[in-house]
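Every number in this text was worked out from the coordinates using simple rules, so none of it is lab data. Computed from a prediction, not measured in an experiment: that's the story for all the values here. Using ideal geometry, Cβ is built from the backbone for each residue, glycine included, and neighbour counts are taken over all protein chains shown.
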Number of protein chains: 2
Amino acid sequence: MNGAESLIRTALGCGIDVCFANPGTTEMPLVAALDAVDGMRAVLALFEGVCTGAADGFGRMADRPAMTLTHLGPGFANGIANLPNARRARTPMVHVIGDHATWHLAADAPLTADIESLARPVSGWVKKCATPAGCAADMASAYANAMRWPGRAATLIVPSDCQWSEAPGSVEPPMIAPPPSSLGGSVKESAEILRKHGARATLFLGGRALRERGLRAAARIAAAAGCRLMCETFPARMERGGAMPNVEKLAYFPEQGIEALSKSDAFVIAGAPEPVSFFGYPGVPSKLIPVGRETAFLATPEQDSPGALEELAEMLKAAPAVLRQATERPAIPTGALNAATVGAVIAALMPAGAIMMDEAATTGLPFFAASAAAPPHTYLALTGGAIGQGLPCATGAAVACPDRRVIAFQADGSAMYTVQSLWTQAREGLNVTTLLCNNRRYRILQVELARAGVTEPGRKAKALTSLANPNLDWVGMANSMGVPGVRVETAEALADQLKRALAAPGPNLIEMLV
Amino acid sequence: MNGAESLIRTALGCGIDVCFANPGTTEMPLVAALDAVDGMRAVLALFEGVCTGAADGFGRMADRPAMTLTHLGPGFANGIANLPNARRARTPMVHVIGDHATWHLAADAPLTADIESLARPVSGWVKKCATPAGCAADMASAYANAMRWPGRAATLIVPSDCQWSEAPGSVEPPMIAPPPSSLGGSVKESAEILRKHGARATLFLGGRALRERGLRAAARIAAAAGCRLMCETFPARMERGGAMPNVEKLAYFPEQGIEALSKSDAFVIAGAPEPVSFFGYPGVPSKLIPVGRETAFLATPEQDSPGALEELAEMLKAAPAVLRQATERPAIPTGALNAATVGAVIAALMPAGAIMMDEAATTGLPFFAASAAAPPHTYLALTGGAIGQGLPCATGAAVACPDRRVIAFQADGSAMYTVQSLWTQAREGLNVTTLLCNNRRYRILQVELARAGVTEPGRKAKALTSLANPNLDWVGMANSMGVPGVRVETAEALADQLKRALAAPGPNLIEMLV
């Protein structure tokens, strides 16, 4: 057995059974090893940003890592942009990057790069294999580090001679530690705040607190204390609809966020970092909770926030949850497509068990409120703000959950960064319906220009924020990569096409002119 | 005037008059400044790899930097993969990256990243603006560093508060130093080697030695000494055809390179690094010149190789060049499309003054020999081996040289990394004809699999090296981004369509089923 096979066997032993790959020459022994070892699915992407984004979507849904396989520094570099998203989502993932043979590095061949320096800013753990015999143990370490609760990116660089040389064999999967508890005092402090401020307090949720267990406990707490429930702007994964409580999402722009948070006198934060402005603006503070408001950190994102919420519910003697059962969907609207009608149509039609990947940017805003009482579904957001996450993340979520329908609710500008995702969806026959919001502009940037005081943009500012001239033909784009598509211009047409698309096997795309 | 405007005014004063941009919120003051200052062209790309690759193509043709404008760490990261190519091409370029406001970094907002760490491995110079008043001088330094002969990437990180705050104004362009001469002794040593070994010696050329001045001197030297002329496998820019001498290109695979170099007893190297294998293979040395062969380094890539070649010609008392005048093109072949017929058709029809960007990979190999005596043209290659360079580089070359026809000779797999280039070509109306080689596979990886001993690839290895299932429809892809396209399956059809395409204004694409 060579080093490559020992690495793949070890990964499979750890439960890593999907590899999102765009390999090159230095990864050929690993490619051969994928065939030598039964059980790991190899998914080709035609651009590495698809690999990393898909691993993010997979990890969010599966709570275990997929592996990516990329080629040297430049190949991995193409996958970097989606990793700040995965880092903020705290997604477990393992990146395997091939490198030149150890003895060939000194030649400074054209593709030689400092892979470690590129990987470190976007990885929680980085190692380079030093020997063929070490490949297996290094992969086990990568897995253990990726799984350190709640999850992180572990990057393993594997020189090609370590791959092709003889190695002793695989190693056993490592033990994974349980989630770290939050500090005991924080539960007591949180209980005191909620008792004192009641309806004037906000329980602010993020990260793992937005899964079912955390939300059930939060619902009990809210019922007992009368506090408000809010959540971070970009949840990595949030269970919504069905029996889940309605949770208000923090607005994107800081002025609106500050206004919403100012309504509360005190805060208990669980699973989220303290809310901050996405960008810095002149005269606007970075931190959104007004200075001086009483705040308790029940559990950080790296602590067991669901467990802490359950403890807090007990301390408040909260009754068992009486959870909403009825769904309440908006009526299907008619007329022109806009953010409101698009959101209503989706909320009206999304099936139980749907996975909604929301990278719809400005067009997506009304959907969240409209879908609060929809049938149970999972909501995934653009956690790190690096656009181009939606299509790959939806791809990975569909690989993780083949029995659930994935909806990629997607802005046009953002879609172009990783549009190659559509091809992988077609090849793998994934059940992804892409709802492409074609407004032919970087709408958010036009808003930001105005916020920056440019109320009448000049010719170049207009050109740099417009996706027109020429217009992108999204149906043609999807068809060219094997994904069937249709174009709609009214809410009625969207409803008709969405019903059809959600029932059809494999991927499809609806271009919505908004 | 704010910092952003002082920066743009300074850049324009340095002659930087093109900005390949994909900006975001933190770059809005720079976007506004592009409108406030007349004379800098703003070219939008829908993916940052297009910006950096276009800056590479522009810099290779213009010998001065274009500017790129990208958004924070993730935006710049999407542009990284093309920078190893630009680094090996030694292309002058200036990357401007926006960052969060200085006072906002501590908030660790979602898009916060260590931009300097990402930029350093792919930049010859990196600086972060510290104050609004410093923006102008920092841009002047970036320009000076980009222009340090023969050229490099200078990266300037500009916090958004430095952009929007008041600044004193622009600064004067810096002085640019002349190219460093090679050491005097190297000319003498080279002359001795060529006199001693004559036809058994090879003059090995690369970098700036492959421009017209260097090649004219090399032709004189070859005529005087009787030596062989060879050049590096991936020239950044080589003048070819017309009066230029025929220069043998080093083969890609090391065994073939070693065989070709073994025919010479001695070497004089000008403008190129010592030739090394692109990848390390078991049992194959990194260095391709057999051990013990006499070798003189006339000029490194960072030295004035054209000047050194002229000195060497003088020392050899070489006669003024008698340069070939007649062109000799292959006949237009008929029948099936394959690497040989495609190469012959292009060589038969490419117009004088064409710029040929060759990222055709395996399909491209016969073209180089077939076009040796074509009308004068410029040849650009994939210098760093990071695929996805061709379409952006062709885009930038067309911006630099609006009066010349650019041919993007492009492999299908490679094209998918930066396919968004086609949209920019359409928006800007660039005279680029893309000849897309659709063989529906990563052919080079199938060769590399066999080289790695996998003679009968398994199901996964086949899937990971195939671009079929589904087939990419390149005509549909181009059309969806506003570029007209046709598909051809025979050499006759290619010839007909190529004649038409080369005469049509604006971009177009011919999908060649090979």
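Brief remarks follow.
- Taking N as the residue count of region B:297-344, its C-alpha radius of gyration divided by 2.2 N^0.38 Å amounts to 2.00.
- Remark: label point of A:L183 defined 7 Å out from Cα along the Cα-Cβ vector; separations to the same position in other copies 6.3 nm, ascending.
- Counting every pair of alpha carbons in the protein assembly as shown, the share spaced more than 57 Å apart comes to 12 percent.
- Only Lys, Arg, Asp and Glu carry charge here, each on its Cβ (+1 for the first two, -1 for the last two); on that basis chain B has a dipole of about 1460 debye about its Cα centre.
- Among the GluC sites (Glu not before Pro) within region B:427-514, those in coil by DSSP and having at most 15 neighbouring Cβ atoms inside 10 Å are B:E489.
- Per-residue [θ]222 nm for chain B (sum of -39500 (n - 2.57) over DSSP H runs n ≥ 4, rounded to 500): -11000 deg cm²/dmol
- Compactness of region A:376-514 was expressed as the Cα radius of gyration divided by 2.2 N^0.38 Å, which yields 1.11.
- For B:L105, the label point sits 7 Å beyond Cα toward Cβ; its separations from the matching points on the remaining copies run 2.9 nm, from shortest to longest.
- Loop-resident trypsin sites (Lys or Arg not before Pro) (DSSP state other than H, G, I, E or B) in region B:250-353 with no more than 14 further Cβ atoms inside 10 Å of their Cβ: B:K263, B:K317.
- log10 of Debye I(q)/I(0), alpha-carbon scatterers only, for chain B at 0.12 Å⁻¹: -1.13
- The coefficient of translational diffusion for region A:213-285, derived via Stokes-Einstein from the alpha carbon Kirkwood radius under 20 °C and 1.002 mPa s, stands at 158 µm²/s.
- Dipole magnitude of the protein assembly as shown about its Cα centre (Cβ charges: Lys, Arg +1; Asp, Glu -1), debye to nearest 20: 500 debye
- Projected area, mean over directions - region B:1-58, Cα convex hull, nm²: 3.9 nm²
- Debye intensity ratio in log₁₀ form over the Cα atoms of region A:133-236, taken at each q of 0.10, 0.13, 0.14 Å⁻¹: -0.50, -0.66, -0.71
- Global size of region A:1-137 as Cα Rg and Dmax, reported in angstrom: 14.0, 43
- Approximating the spin labels as points 7 Å out from Cα along Cα→Cβ, the B:A450-to-A:Q256 distance works out to 5.9 nm.
- Rg over Rh for region A:299-458 works out to 1.04, both radii taken from alpha-carbon positions and Rh defined as the Kirkwood radius.
- Amide H to amide H distances under 5 Å link B:A296 with B:F267, B:V268, B:I269, where only residues 5 or more positions off or on other chains count and H is placed in the peptide plane.
- Cα centre as origin, Lys/Arg/Asp/Glu Cβ charges: region B:460-502 dipole, Debye: 200 debye
- Value of D in µm² per second that Stokes-Einstein yields for region A:334-423, Kirkwood Rh from Cα pairs, at 37 °C (0.692 mPa s): 246 µm²/s
- Taking every alpha-carbon pair under 8 Å whose residues sit at least 6 apart, chain A reaches a relative contact order of 15 percent.
- Calculated on alpha-carbon atoms, Rg and Dmax of region A:77-212 in Å: 20.8, 68
- Kirkwood radius and radius of gyration were both taken over the C-alpha atoms of region A:429-470, and their ratio Rg/Rh is 1.19.
- Checking every one of the GluC sites (Glu not before Pro) in region A:310-347 against DSSP loop status and a limit of 14 other Cβ atoms within 10 Å picks out A:E328.
- Cα gyration tensor shape of region B:268-373, rounded if a/c is under 1.5, else prolate or oblate by comparing a/b with b/c: oblate
- At 7 Å out from Cα toward Cβ: A:G169 inter-copy label distances (nm, ascending): 7.8
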